[in-house]
Amino acid sequence: MEPAGRRDVTDFALQGSAVRAQDVPSRAKVLARLRLGDNVFRYLTRSAAIMVLVLLGGVIISLIIGATPAFQTFGLEFLTTQRWNPVTEKFGALAPIYGTIVTSFIAMLIAVPIGLLIAVFLTELCPPFLRRPIGTAIELLAGIPSIIYGIWGLFVFAPFLQQTLQPALIATFGNVPILSSLFEGPPYGIGMLTAGLILAIMVLPFITAISVDVFKTVPPVLKEAAYGVGCTTWEVVRNVVIPYTRVGVIGGIMLALGRALGETMAVTFIIGNSFKIQSSIFAPGTTISAAIASEFAESDGLHQSGLILLGLLLFVLTFFVLAAARLMLMRLEKKAGN
C-alpha cells in the first residue's frame, strides 16, 4: 500500500504532457501577435516612404500644370530673355537665373574655405575650454530665422558695406581690366554682393557642423601615425583628414549649396529685386526665389504662370545640382574602394 501523498510517476508524466499540450496554443498566439506587429510596422514604414514619393510627384505635377500656360506662350525663349513686365505680360527668366547662380557662387566661394578652417580649428587646434562656446555659437547661427538675417542685412550690413567695403573695392579694382567691370558703379549697399555675403553667413554653420562631425570620424591611430613620422598639423589635415572625410565634406557643401539656391526672405530684403543683368556685383538684381516671394501675392493669369515656371526651374536646377553631387560622391566612393 502506497504512503499517503505519494503519486505514481505515470501521473506526473501524463500531467506534463497535458501542460505541454496546453502551452502550444498560447505560444502560437504569441507568435501570431508578434507577426502581426511586425507586419504592421513594415506596412507603416513602407507607407511613409511611398508618401514621400507621392508628395514629390504631386509637387512636380502641380508645378508643371501651373507653368504650362507660360511655357506654351514663351517656349524656350523664357530661358534666354531678361524682360519681366507684368503690364505687357512679357516675361523672361534669365535675370533671376543669373542672380541665383551669382549669389550662390559668391556665398560658396566665401563660406566653404572659412567653414573648413573653422572645422579644422575645432577638431585639431582648439583648446578644450573654447570648443563648446564656439560650437554653441555656430549652432545659434544656424537657428536664426532667415528674415532676421534679411532685416539685419538691410539696416546694418548694407549701410556698412556701402561706406567701407564697396568703396575700397572700387578704388582697388577700378583700373584693373576685367575686374573693373565686376566692381564698377556706385556703392548701393544692397545688391548681389551683399546678398552673397548674407548667404555665406547663413550657410556657414551647415558646412562647419557637418565638417566637424566627419572630421571626428577619422581614426586617431591614423593621425597619431602621421604625427609620429614628423608631419605637421597642416600635413596631417591635408594628407589624412581631408582624404579620409572628403565624401562627407562634399556632402555638407552640397547641402549648403542647396540652401543657398533656395533661400528666399533674406535675399528678398537685400538684393534689390531688379530684373536686369548687370556685370557689376554691386548692382541690384534678383533671384528665382526672391522674384516669386515679392510678386506671387499680386499675380494672376500669365504672370502667375510665369512665376510658377520660375519655381519649376528652381526645382530642376536644385535637382541637377544634387544629382551631380550624388554622382560625384559615388565616383569618390568607388575610387576609394579601389
- line: Scanning the range 308-338 residue by residue, the ones that are surrounded by 14 or more Cβ atoms within 10 Å (Cβ to Cβ) and within 23 Å of V59 (Cβ to Cβ) total 13
Among residues of the range 247-269, those that are open to solvent by 30 Å² or more (accessible area, probe 1.4 Å), hydrophobic (A, V, I, L, M, F, W, C) and closer than 25 Å to P284 by Cβ, counted: 3
message: Going by what's in this entry, would F105 be described as of a type in the set (A, V, I, L, M, F, W, C), assigned to a helix (DSSP H, G or I) and surrounded by 12 or more Cβ atoms within 10 Å (Cβ to Cβ)?
response: yes
field: Near pairs, Cβ below 9 angstrom, 6+ apart or cross-chain, from the range 279-299 (free of Cβ contacts under 8 Å to residues at least 24 places away in the same chain and more than 8 Å from T268 (Cα to Cα)) to any residue that is assigned to a helix (DSSP H, G or I) and open to solvent by 40 Å² or more (accessible area, probe 1.4 Å)
entry: F296/Q304
task: Name the residue, out of F269, F282, that is touching a Gly at 6+ places or on another chain (Cβ under 7 Å) and in a loop (DSSP other than H, G, I, E, B).
output: F282
- line: Matching residues in the range 285-338 (within 21 Å of A93 (Cβ to Cβ) and either at pLDDT below 90 or assigned to a helix (DSSP H, G or I) (or both)) number 37
message: Just to be sure I understand, how many residues within the range 61-97 are without any contact (Cβ under 8 Å) to a residue 12 or more places away in the chain and either surrounded by 16 or more Cβ atoms within 10 Å (Cβ to Cβ) or aliphatic (A, V, I, L, M) (or both)?
response: 4
Number of positions in the range 135-164 that are free of Cβ contacts under 8 Å to residues at least 40 places away in the same chain and surrounded by 16 or more Cβ atoms within 10 Å (Cβ to Cβ): 3
query: With (1) modelled with pLDDT of 90 or more; (2) within 16 Å of I308 (Cα to Cα) as the list, and G75 as the residue in question, which single condition is left unmet?
result: (1)
All positions within the range 182-226 that are part of a helix (DSSP H, G or I), open to solvent by 30 Å² or more (accessible area, probe 1.4 Å), over 19 Å from G285 (Cα atoms) and touching a residue at least 60 places away in the same chain (Cβ under 8 Å): I201, L204, F206, A209
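The values are calculated or read from the model by the stated rules, or taken from the named source; none is laboratory data. If you're wondering where the values come from, they're calculated on a predicted model, not measured in any experiment. When we count neighbours, we look across all protein chains shown, and the Cβ atoms used for this are built from the backbone with ideal geometry, even at glycine. Accessible surface areas use protein heavy atoms only, side chains included; no ligands, DNA or RNA. Shrake-Rupley method; radii C 1.70, N 1.55, O 1.52, S 1.80 Å.
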